[in-house]
1. Which residue, chosen from A:T261, A:M162, A:F173, occupies the Cα position most advanced towards the positive end of the dipole of the stretch A:153-265, where the dipole is computed from +1 (Lys, Arg) and -1 (Asp, Glu) charges on Cβ about the Cα centre?
2. Positive end of the dipole of the stretch A:279-448, charges at C-beta (+1 Lys, Arg; -1 Asp, Glu), about the Cα centre: which of A:L322, A:P338, A:T371 has its Cα farthest in that direction?
3. Across bins of 10 angstrom width beginning at 0, how are the C-alpha pair distances of the stretch A:279-448 distributed, in whole percent?
4. To the nearest 20 debye, what charge dipole does the stretch B:243-396 have about its Cα centre, counting +1 at the Cβ of each Lys and Arg and -1 at the Cβ of each Asp and Glu?
5. Using Cα-Cα distances under 8 Å and only pairs 6 or more residues apart, what relative contact order does chain A have, in percent?
6. Per the Kirkwood definition applied to all pairs of different Cα atoms, how many angstroms is the hydrodynamic radius of the stretch A:27-171?
7. What Kirkwood hydrodynamic radius do you get for chain A when you take the inverse of the mean 1/r over all pairs of distinct Cα atoms, in Å?
8. Quick check: the distance between the Cα centres of the stretch A:108-169 and the stretch A:229-305, to the nearest angstrom?
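Coordinate-derived values only; no laboratory data. As the structure is a computational prediction, the values presented were derived from the model and not from experiment. Every residue, glycine among them, receives a Cβ derived from its backbone with ideal geometry; neighbour counts consider all protein chains shown.
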Amino acid sequence: MSESSVLISASLSENESWLRDHILSNCQDIKAVSMVWDVGGNMQNSLFLYMEGTTDLKQVSKTFFRELEPLLAQCVERKFVDVVKRMRIPEVTYYEQWKTVLALLFHGTGIFFLDGWPGALVVEQVAKPSRSPDEPEMETAIRGAHDGFVEDVMQNLALLRMRMPTPSVVCEFFEIGTLTHTRVALVYLKDTASPELVSTLQARLHAIQVDELTESAHLEELLEDRKFTIFPQFDYTERPSKLAAILSEGRIGMIQDTSATVLIAPVTLMQLLQAPDDYNDRFPFVVVVRILRMIGLFISLFLPAGYVAATEYHQDTIPAFLLISLINAHKGVPFPTPLEAMIMLGLFELFREAGLRLPRAAGQTIGLLGTVVVGDAAVKAGIASAGMTAVVGITAISTYVVPNYTLANAITIVRMVILIMASFMGYVGLIIGAILLIGHMASLNPLGVSYLAPFSPFIWEDWRDYIIRIKWTRMRKKSAAQSQTRKRSDR
Amino acid sequence: MNFLSHRMSAVWKLAACAILSLLLTGCWDSADLDNIAYVHSLGVDYDHGHYKIWLGLIDPTKSGIEESKSTGETSRALWVVYGTGRSFLEAVNAIYPSSPKRVSWSHFSLLILHENVLRGPYKEVIEALTRYREVRYTSWVYGTKDTMGNLFTANLPVENNPLYYYVANPKRVQQFGYVVPSVRLNEWQRALHEPVGSAILPQMALNHQRDVHWPKSKDKPYDELLLPTVGVFRHERFMGWLSHRDMLGVFWARTGGTRVPLFLPPAPGSTEQVILYIHHLHVEIHPMQRRHHWTYDLKISGPVDLAQEGQGRAEKEIITLAERVIERDVRRTFRTGVMHHADILNITPKVYRGALMLWPPNTRQKLLNNLELRADSLRNVNIHLTLVHTGMRTVD
């Protein structure tokens, strides 16, 4: 494409033949229309290129062509610059290089060439395929806003600006991917976000050299500090209201074309446990829910391992009456408890995967079959004890009190590892597993912010929003940003 | 590259640690919880160099949830196993080979020692028992005069199942009815080794007057487990069981305690008893030194509930009468103790603990001698009862 970087010629026939050879023959969705215009009394040929289905032709003919006609008729100098200056349509711009013009053509803009005039006019009247900003299914809220991000970055920015109509919200565009030309908008609050954090992200975004970028998960992988970890180092959201709240905390969002998910950086473990509804409810209730969520996290990580360790090695830690009912439940089960736990947890993951892959209506059936029918049948057939079924059930439910899906998936793997260690070494294995887990999480430092932040390092101000949630009016604004910048200056 | 190799070596080290840890003994030591026989209770008897022991093993099928719901049939929740030997451990080891499952002591919670053991080698038994790592020091411990076999095979009413009584919390059971304090093995051992005071051990007995408290079921009379009195130890030596009358002083001279009924004689010309419930007693001991000898003032106070008013007695009269009865009981128990050189009411530790600082180590024996109780050591017993609850009606 060496030709693409050169200037657009003044000769229409030259341009047309080039276009026919390189674009029109390959991309049949690009249409070219020849027209004759009266330019200062002379009739001249022109060419209008557009993308079928994307360029808003009605609007173009209604505004651009109607406006262009008298301007060309009165024209003296053969320059598009003068025409653009006098045109009353802001969507029209003038470009000289093939490269920029072609990139815009595939975004659905109309391109106008005139014989004898160098350069081209670009009409950005585009009706892109888009959907309405419906509430995201993964992040539902009972109260409050019910709109969600879509796959178009400009529309997403509009949803954000609707909430924060202020120049303090900075928006910088980056174009990533030599093939996809994906636009990524880096948004942050100028006075609040840590400048170091912003420049780090800017540098990383600039440094990205890839051919394609389609998913926000890809961007996440390209930006993250540590590659070998199962814990998410970015948060994500599909809710504009959450993004607005995140920005006011001093964190940074990355809105990306073709993905309805907005990446959020930096993130700590405790922030991953926050749910949108936390800010829509009465604060005493939210405190209870937050504590419940943390208990859920612990249960989902350690319950199967603890159960196996207690029943296999440390029967003395089980109260006598519980022991008796557990003995009765396990009687006749052919597998040792660790194997039983792995079978049941494996089955649960299987059902979950099946439920996810199937259409939504059928997915519920799988869930029902898995829990009720198979669980009950397994107990009756003596494959699993009732106690184990209860443990796996409680564990499974507890996993999904974690609002972040990526974190929930990470928990699944960590749980298995800890279970295996506990199966071999009892409580000692469980504790070793917990130590390794905490050690690993403490070593995570995404974008210079400690993953276990309000605990380690201990930041008291952050407890009021991360661990519990105090009254909204009392929450000192931007505490997160302050602690993060302080953290960075400490280093 | 250097970083990578460093990281890889760390990974290899970690993997090696993980694999080597599989060689640890714990790794292959696991046993499914239903392949273990759990010892719940142990009874030890001794007869001229021969030990006889009874083990109560938890029978999960008899004590499960379903069982108790279904039949209502009386069934012991324990398998009782019997073994003999020339030493305690020999007797225990005589049982192991016969057990189809591994025997675990991790849920051991009831130890019954026969009078014969208490008068003989009970210390050896405790030592051998607690040396085993699985045995907890917190099991409940009782003495007995009855034949051990009868205690273990007693036909108890469903709710009187020993598993339900003593696995749970005997202290809660004692809130009503049983007023003899249960002790744990560690508490008893600590008290045994005290240089002053006395250790007490509750006695467990079968109610021989059958059919008195519990109705018959299917022509099988129920047995009943009772805690009638306590045994007294001094300097690790068993002194004998207290009589019921002497027990009363032990009830009154304890802080806390349970709801104890006090039956007062009817007023002249009336046949109705006056019944009080005394609870949450507060006992203060005030020692005083007289040359080489210590005297003690006891102050006992607490709330009283009136259960039955009787006739012809005023409120003040009832209280005074109750206070006099309690003082009499306390003094009687004290006198019994003095006769046997035992401090049953445990009043001397107050001085021993409090004055320990004042006494240099070489004069410790002198202090202990001074602490020997005499008949006049108990000077004043001040009882102060407050009537707090008289029911819906007030006393006229």
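1. A:M162
2. Looking along the dipole axis, the top candidate is A:T371.
3. Binned Cα distances yield the sequence 9, 33, 35, 19, 4, 0.
4. Numbers: 20 positive and 15 negative charges, 159 e Å.
Once rounded to the nearest 20, the dipole reads 760 debye.
5. Numbers: 766 pairs, mean separation 63.8, N = 491.
13 percent.
6. Working: mean 1/r = 0.0569 Å⁻¹.
Averaging 1/r across every pair of different Cα atoms and inverting gives 17.6 Å.
7. On the way: mean 1/r = 0.0373 Å⁻¹.
Result for chain A, one decimal place: 26.8 Å.
8. 25
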